[in-house]
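Working notes, beginning with the structure itself.
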Amino acid sequence: MRNDFYTRIAGELADIDAQGLTKPERVISSRQGPVVQVRLADGRTVEALNFCANNYLGLAGDPRVAEAAAQAARDAGAGMASVRFICGTQAIHKELEAATADYLGYEDAILFAAAFDANGGVFEPLLGEGDAIISDSLNHASIIDGVRLCKAERRRFPNGDMAALEDELKAARAGGARTIVIATDGVFSMDGHIAKLGEITALADRYDALVLVDDCHATGFLGDGGRGSAAYRKVEGRIDILTGTYGKALGGAMGGFVAAKKPVVELLRQRARPYLFSNALAPAVCGAALAAIDIARGLEGEDLRGHLKTNAIRWRGALEDAGFDLVPGEHPIVPVMLGEARLAQDLAAELLSRGVFVTGFSFPVVPRGQARIRTQLSAAHTSEHLDLAAKAFVEARDAVVERSKSQPVGVA
Ligand SMILES: *Cc1c(COP(=O)(O)O)cnc(C)c1O
């Protein structure tokens, strides 16, 4: 029996590999940044331009953010060895919750170990039998899991399809739902598409529904003041519940949050399971996030956002000119569509050998046959970084195409 189990696990791994779906983890021996030191399989370390981090504002390796983390650890220790409600709440937790709520324009905020936990824990305490959640089909895995853990009726609409969303709203109302929540990513991470929050909030008003937005790929850099997708779509104040992360633009350490009206946050403190039954955030993590929010909110944040925007435009232009198939958009996520998983992996490997670090994405992260290299810009990239990387993309593509001619697919 036990042997069967281990044989089955090994078989599944072999299947994944045979389909070209294995996701290798490359070891980085430097800080996160536009240029990183990457350790190769043969043990050599190479310098590479990094185009696959969520380091939108370039703050993940920022010495001020790292020092704020170190200072918080010196002042408040490594951690509390407690969940928040027993003996785990320190001043720095309250400070970060207040800074988050104030920055994003909410009454209050509550911290989680990750946005994954925030999404996993936000639905179940607030909604139950007799309620309905209408979820975009491309929502992040953590929203899908969070919705599954909740007793509310589940409804789904195809990504960005407003007519289908309206049908679901009608059906939920006709079914007598007590509370209806529309749940959507603010930005869909595999495409960089920004949710149509203008239309979504208008529909929510018409059908008396609440709106929950997961703004992990927006907070800190999208819209006015970097306040996210609602600011970008000019519907600030209309999103009832916002979930987000400190693990991307806001310093890149880790940690998540839910921002909402006070009673909503209070009920989550009393009932959200990943909050109640998991350790308080480490002070270092809070210190890093506080420093990052400070930078993002201020004048420097404006500069960084301007630079990020310019970088995204320049990068899109360079790859389009070179004939790459991009998902159109304005977000610093710029997906290069390749189709087959193996091609995405091969091109990524070829690029690394030419000093550009990117990752191929394939099933189950994206649908089968839609493998891609998702490039992501950072405010920390210089125009020289972009030009070098664009040149490497062209050369790597030529090399991969040349190899596939001499070694036709399926023959190797
Ligand atoms: C990254 C991401 C998460 C998870 O954030 P963590 O803080 O790393 O757990 C959740 N939702 C979306 C849309 C994301 O992009």
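The values are calculated or read from the model by the stated rules, or taken from the named source; none is laboratory data. Because the structure is predicted, anything quoted here is derived from the model rather than measured. Every residue, glycine as well, gets a Cβ built from its backbone with ideal geometry; the counts of neighbours run over all protein chains shown. In case anyone asks, the SASA skips ligands and DNA or RNA and just uses the protein heavy atoms, side chains included. Shrake-Rupley method; radii C 1.70, N 1.55, O 1.52, S 1.80 Å.
Brief remarks on what is shown
- Euclidean distance between Cα centres, the stretch 53-127 to the stretch 143-163, Å: 27
- Put simply, the amide H of V211, placed in the peptide plane, has neighbours under 5 Å in I182, D240, I241, leaving out anything fewer than 5 places away on its chain.
- Straight-line cross-link reach from K248 at under 14 Å between alpha-carbon atoms covers these aspartates and glutamates, not counting any fewer than eight positions away in the same chain: D62, D214, D215.
- Cut-off under 5 Å, modelled amide H: who pairs with V336 long-range: I373, R374, T375
- Reachable lysines from K234, criterion Cα separation under 17 angstrom, eight or more residues apart if same chain: K196
- Extension gain, M1 to L40: 0.36 nm times the residue separation minus the Cα-Cα distance gives 10.2 nm.
- By accessible area, using a 1.4 Å probe on protein heavy atoms only, the chain has 53% of its surface on carbon and sulfur.
- Straight Cα distances below 19 angstrom link K261 to the lysines K94, with same-chain residues fewer than 8 positions distant left out.
- FRET E, pair R31, A171, Förster distance 56 Å, beta-carbon r, rounded to 0.05: 0.65
- Relative to the current alpha-carbon distance between S137 and A163, full extension at 0.36 nm per residue lengthens the span by 8.0 nm.
- The stretch 300-360-the stretch 197-268 distance, computed between alpha-carbon centres (Å): 26
- Three-way shape label, the stretch 1-157, alpha-carbon gyration tensor, a/c 1.5: oblate
- Size of charge dipole - the chain - debye, nearest 20, with Cβ of Lys, Arg +1 and Asp, Glu -1, no other charges: 540
- When each full DSSP H helix of the chain is screened for a Cα extent of at least 30 Å along its own axis and an average Kyte-Doolittle hydropathy of at least -1.0, the helices passing are 299-321, 383-406.
- Value of [θ]222 nm, deg cm²/dmol, for the chain, DSSP H segments ≥ 4, -39500 (n - 2.57) each, nearest 500: -14000 deg cm²/dmol
- Gaussian network model of the chain, Cα within-10 Å springs - most flexible of A72, A48, A164: A164
- Scaled against the 2.2 N^0.38 Å expected of a compact globular protein of N residues, the Cα radius of gyration of the stretch 63-296 reads 0.99.
- The equivalent ellipsoid that matches the C-alpha gyration tensor of the chain spans semi-axes of 35, 27, 23 angstrom, in descending order.
- Cα shape, the stretch 221-279, gyration tensor, a/c 1.5 rule: oblate
- Think of a 1.4 Å ball rolled over the protein heavy atoms: the stretch 304-412 then has 47 Å² of accessible area per residue.
- Summing charges over all other residues whose Cβ lies under 11 Å from the Cβ of D191, with Lys and Arg as +1 and Asp and Glu as -1, gives +1.
- Amide H contacts under 5 Å for F357: L49, N50, F51, restricted to partners 5 or more places along the chain or on a different chain, H placed in the peptide plane at 1.01 Å from N.
- Area of R206 that stays accessible when all protein chains are in place (1.4 Å probe, Å², to 10): 150
- Two-site label geometry, D102 and R178: point separation in nm, points 7 Å out along Cα→Cβ: 3.6
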